[in-house]
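The values are calculated or read from the model by the stated rules, or taken from the named source; none is laboratory data. Model, not experiment: these values are computed from the prediction. So basically every Cβ, Gly included, is an ideal-geometry build from the backbone, and we count neighbours across all protein chains shown.
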Amino acid sequence: MNQEKLVIEEKRYRGTTAVVSARLPDDMIRAIDTVAKKTGHNRNEIIAICLEYAMDHIETAGKRNQAGKR
């Protein structure tokens, strides 16, 4: 797996927002909170930064049929 670092830059998205709920493992939340504390960002900002990074680096595979097979 590529070991690129996540560099936290200025916010790219602005404007209206929407609330999204997701269940995350407790240890992941603790890790997010640790990064938030070290960087001075809040939990929401860290999650948004991570999602933005993921969306910029995502690669999708072929289509799946309704049974979940390729």
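With the requirement that a residue be part of a loop (DSSP other than H, G, I, E, B), without any contact (Cβ under 8 Å) to a residue 12 or more places away in the chain and either among the basic types (K, R) or exposed (fewer than 10 other Cβ atoms within 10 Å of the Cβ) (or both), what does the range 12-56 give you?
R14, G15, T16, T17, A18, V19, V20, S21, A22, R23, P25, G40
Please tell me if R14 is of a type outside the set (S, T, Y) and at pLDDT 95 or above.
The answer is no for R14.
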